[in-house]
Amino acid sequence: MSLVALLVTVVLVFLLVFFATFFLRLGASVAGVPKHKNTLGRALLILIVTWLVISALGGAGTFIPGLGNILGVLLAVLINVLIIGGIFDVSFGKAFVTYIFSLVFQVLFVLLGLFILGLLGASFAVLAA
């Protein structure tokens, strides 16, 4: 791997972490998590813990054919919500709303990026080449 590719990868990982924590804090603000609990450190801790737990339990639901993928996704959502609730020290409802709004903001951000790329005349064929 060249040095440029390595540097681009490192920059992209830092941007991913930055935007993920930003959207998690934004979701927590919308859900009504108090400001003294909605800190960058807690959001970063949630991000790291959920990545580790979900990575460790990645195939937990796949042992049941057909239904396993759905159960795996539901298990991942439940674990994420419990981690958010535990670290932000809020109720299950506020943690769930935080998680949902965080996902909504991430999807809107990706759609906005695709819209901007479309306005610039970029297509997936150009990006893949």
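The values are calculated or read from the model by the stated rules, or taken from the named source; none is laboratory data. Just so we're clear, the structure is a prediction, and the values are computed from it rather than from any experiment. No Cβ is skipped: glycine too gets one built from the backbone with ideal geometry, and neighbour counts run over all protein chains shown.
Odds and ends about this structure:
- Residue among V81, V49 that alone is in contact (Cβ under 8 Å) with a residue 24 or more places away in the chain and aliphatic (A, V, I, L, M): V49
- Across the range 47-66, the qualifying residues are those that are not hydrophobic (A, V, I, L, M, F, W, C) and not in a loop (DSSP other than H, G, I, E, B), and the one among them that is modelled with the highest pLDDT is T50.
- Scanning the range 33-46 for residues that are part of a helix (DSSP H, G or I) and without any contact (Cβ under 8 Å) to a residue 12 or more places away in the chain returns a single hit, G41.
- Some residue of the range 18-32 being part of a loop (DSSP other than H, G, I, E, B), at pLDDT 85 or above and more than 13 Å from the chain's Cα centre (by Cα): yes
- Condition check for V90: modelled with pLDDT of 90 or more, out of contact with any helix residue (DSSP H, G or I) (no Cβ under 6 Å at 6 or more places or on another chain) and of a type in the set (V, I, T): yes
- For the range 67-86, the criterion of a residue being surrounded by 15 or more Cβ atoms within 10 Å (Cβ to Cβ), outside any helix (DSSP H, G or I) and at negative phi is satisfied by no position.
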